[in-house]
Amino acid sequence: MENLQLEETNGVNSQAVENLRVDDLVFDQEKQSKEVKAQNIGHDGPDFDDISDAEDVRSKRKDEGRGLQCETPLEYSETKSETEVIADKQEDSDDKMNAGGDLESKNQETNPNVDDNCGQSDLAKEVDDRELTQMFDKSDEIPSEDPNLEPVFDGTEVPGMEANRSMSGRRLDVDQDSPGVVEKAVALKNFVKEKSAVAVSTMMRRLSGKREEGAVDNVDDEGKDVSDIGKVGENKVMSEKAVEKFDWNPLNYIKKSSDVGVDRKTEQRDSIVMKGRIILYTKLGCQESKEIRLFLRLKRLRYVEINIDVFPSRKKELEKISGSTSVPKVFFNEILIGGLSELKTLDESGKLDEKVDFLITEAPLFEAPSPPLSGEDDEPSSGLTDEMAVIVRKMKESIAVKDRLYKMRRFTNCFIGSEAIDFLSEDQYLERPEAVEFARKLADKLFFRHVIDENLFEDGNHLYRFLDDDPIVVSQCHNIPRGILTLKPKPLAEIASRLRFLSRAIFEAYVYEDGRRVDYTSIHGSEEFARYLRIVEELQRVEISDSSREEKLAFFINLYNMMSIHAILVLGHPDGALERRKLFGEFKYVIGGSTYSLSAIQNGILRGNQRPPYNLKKPFGAKDKRSTMVLPYPEPLIHFALVYGTRSGPTLRCYSPGKIDEELLDAARNFLRNGGVVIDLSAKAVNASKILKWYSIDFGKNEVEVIKHVSNYLDPADSEVLLDLLATSELKVTYQHYDWGLNC
């Protein structure tokens, strides 16, 4: 009897293995029909409303599985849901074979008790639950804008890569198309693709986060036990540290970096502490205003500037308290001092020190001019109400926005298309087809989008996400703090004009006389910068694709330079490659419904979607919506206009679409003639900025063409010498050290 029982048990177990294999074949036959059904509803996975529903179903299945543990494997396989079958099909084939081998080995054990079958069913069910859990816990991803994959140049040079562009220290008569160079480039490409793309974009990113956390923890000893607490607690501590860093770190670091070198020292950092207040009235383009700023800085007198072009209502105030609207004028508290000549007269007579002593001890009276108020004279920030935006806000408050499952993936803060149609039908008194068309208009206006860009908008179980709920927008974009604006989007030309006007005012007031150093501390507390932050909020749904080359060129250069200042004020100045990667790649704005980093603006738009130096990937893929913003051809002169916040960069200035080519030409001449290229005739050598090495492909196919291109912007005499050396093939090219220190 025992032998008979053993044979029956083994027969049942063998049948179980066979049934599990047959189950895969049955799935293949049914897969096509199931996919057709899934396409009809726009949903390939289980129809769960949210994560909690999936957990309930999963728990229910587990309880039901316990009651079926002692049934035959064939009966168990018939109870598996479609989701579990798909999860099984997604296993690796080797894992299937191993699992099958383990099951067969268990079936060959000598113990004939039925409890073994139950134990095997428990194990199989546990594996299914674990796979289902892993499948549902996949993170939300947007491949086209994944921050981990965005190519960024952080100043790190890869030896040997792009050797045909950077033959530093070699004669120019070397054959640059030799097979050895090509083979080396191919080998390096394959090596960097495997190692750099994975290691740098993932592991180095994590190391950067740990380093930042450690840097903040140096302030006190509270962070010593962070590694010992749970994951949730760790995230909370990191969040708190991030807030702390935002509050104090950037400006403190800016002050510290300004101590390097007496010639670069920020005068206002050591300003005289006083209870009183100095008010300086100026206007745009005033040479005497520039001179009086320099005078006050040299005297270490901190002042508040009121530009009557930026704040036109202050003209009447100035005329009332001084008798005229001429500028510049200086007030010490409520006392009118006058202009530059009056200040110099007081200084020469020794009476200026008495006035300063008065400011140190006396606070301003009520009659004294006050600093600009928040929102003062900022009329363009207002406008007509966008009725569609009002409807979208109401819809967001009415429908369920939560985490949901879609096509085996989890997406955060989403809503279902059918629920949106239900709301629009009721709120706007529309028939369902009309509500669908209206929802498509809302999506076309960039209020929301499909989570994986499958369609513009469709009724059914498709998932959509509001613009201000996008995970990248929430975590990395800094021009959408108050959610979607309810004002109608203004034309790009109007926004660009206001941005250009305000940038010019900020550069005149807070950039030093050499045009390179920036007073970040004063910018941070100025009303002009606060107005800039309000302007860039209007870029969320602006239309850009129809703009001309000149309009795009001027707009994105001006935006890049101001965005760099904004990034430094928020994140602090980067002190290494990892921090630069974060500054250039993870600080973003929402522009026209898409997210743009500094790197995306420079390499994606202004360089015609070219790979950043020492990178293998272009900023925008073939299906990336942002590719419509790309310039028709790269503009090499942008490299003499874009300012990264470094000491080796070009001067800050504003650019206008009507004169953009002329202004870029002037910027190139200014940069290259003032240290960008240095010719040593005796050594038959030229020492050039590393910008020409990093972006050599924008200037020519090889180093000879790059030097010829650069010679067009030098003084005629220097250009002639350089071309003569090139003709003799005796020119030796070296590159200057690039100073990544903060330009303050």
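The values are calculated or read from the model by the stated rules, or taken from the named source; none is laboratory data. The shown structure was predicted, so the numbers you read here are calculated from the model rather than taken from an experiment. A quick note on method: Cβ atoms are made from the backbone with ideal geometry, for glycine too, and the neighbour counts reach across all protein chains shown.
General remarks:
- Within the stretch 516-542, the set of residues being crowded, with 20+ Cβ neighbours inside 10 Å, assigned to a helix (DSSP H, G or I) and of a type in the set (A, V, I, L, M) comprises Ile523, Ile535, Val536.
- Of residues in the stretch 299-329 being of a type in the set (S, T, N, Q) and in contact with a strand residue (DSSP E or B) (Cβ under 6 Å, 6 or more places away or on another chain), the one nearest to Val511 (Cα to Cα): Asn307
- Taking the criterion of being β-branched (Val, Ile, Thr) and in contact with an Asp or Glu (Cβ under 7 Å, 6 or more places away or on another chain), the residues of the stretch 421-472 that qualify are Ile421, Val436, Ile472.
- Some residue of the stretch 375-395 being closer than 30 Å to Val451 by Cβ and either part of a loop (DSSP other than H, G, I, E, B) or hydroxyl-bearing (Ser, Thr, Tyr) (or both): yes
- Residue in the stretch 546-559 that is small (Gly, Ala, Ser), free of Cβ contacts under 8 Å to residues at least 12 places away in the same chain, farther than 26 Å from Ser289 by Cβ and surrounded by fewer than 19 Cβ atoms within 10 Å (Cβ to Cβ) present: no
Yes/no per residue for (1) touching a helix residue (DSSP H, G or I) at 6+ places or on another chain (Cβ under 8 Å); (2) within 19 Å of Val643 (Cα to Cα):
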site	(1), (2)
Glu705	no, no
Asn712	yes, no
Asp715	yes, no
Leu722	yes, no
Thr728	no, no
Lys732	no, no
Gly741	yes, yes
Cys744	yes, yes
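- Test result for Arg264, out of contact with any Gly (no Cβ under 9 Å at 6 or more places or on another chain), surrounded by 16 or more Cβ atoms within 10 Å (Cβ to Cβ) and at pLDDT below 95: no
- Filter result for the condition that a residue is among the aliphatic types (A, V, I, L, M) and either within 17 Å of Ile565 (Cβ to Cβ) or part of a loop (DSSP other than H, G, I, E, B) (or both), over Leu583, Leu578, Leu664: Leu583
- Of all the numbered requirements in (1) of a type in the set (S, T, N, Q); (2) modelled with pLDDT under 95; (3) within 26 Å of Ile484 (Cβ to Cβ); (4) in a helix (DSSP H, G or I), Asn558 misses one, and that requirement is (2).
- Failed item in (1) farther than 20 Å from Lys659 by Cα; (2) modelled with pLDDT of 95 or more; (3) touching a Leu at 6+ places or on another chain (Cβ under 8 Å); (4) in a helix (DSSP H, G or I), with Ile565 passing the rest: (3)
- In the stretch 708-733, of all residues being in contact (Cβ under 8 Å) with a residue 60 or more places away in the chain and surrounded by 15 or more Cβ atoms within 10 Å (Cβ to Cβ), the one that is farthest from Val686 (Cα to Cα) corresponds to His709.
- Each residue in the stretch 319-377 was checked for being without any contact (Cβ under 8 Å) to a residue 60 or more places away in the chain, over 27 Å from Glu528 (Cα atoms) and either of a type in the set (Ser, Thr, Tyr) or buried (at least 16 other Cβ atoms within 10 Å of the Cβ) (or both), and 6 of them qualify.
- Members of the stretch 284-318 that are over 24 Å from Leu359 (Cβ atoms), surrounded by 15 or more Cβ atoms within 10 Å (Cβ to Cβ) and of a type in the set (D, E, K, R): Asp309, Lys315
- Failed item in (1) in contact with a strand residue (DSSP E or B) (Cβ under 9 Å, 6 or more places away or on another chain); (2) closer than 30 Å to Ile535 by Cα; (3) touching a residue at least 60 places away in the same chain (Cβ under 8 Å), with Met395 passing the rest: (3)
- If the condition is being of a type in the set (D, E, K, R), surrounded by 14 or more Cβ atoms within 10 Å (Cβ to Cβ) and either at pLDDT below 95 or not in a helix (DSSP H, G or I) (or both), then the stretch 426-453 contributes Lys445, Arg449.
- If the condition is being of a type in the set (Phe, Trp, Tyr) and part of a strand (DSSP E or B), then the stretch 311-338 contributes Phe331, Phe332.
- Failed item in (1) surrounded by 22 or more Cβ atoms within 10 Å (Cβ to Cβ); (2) out of contact with any strand residue (DSSP E or B) (no Cβ under 9 Å at 6 or more places or on another chain), with Ser682 passing the rest: (1)
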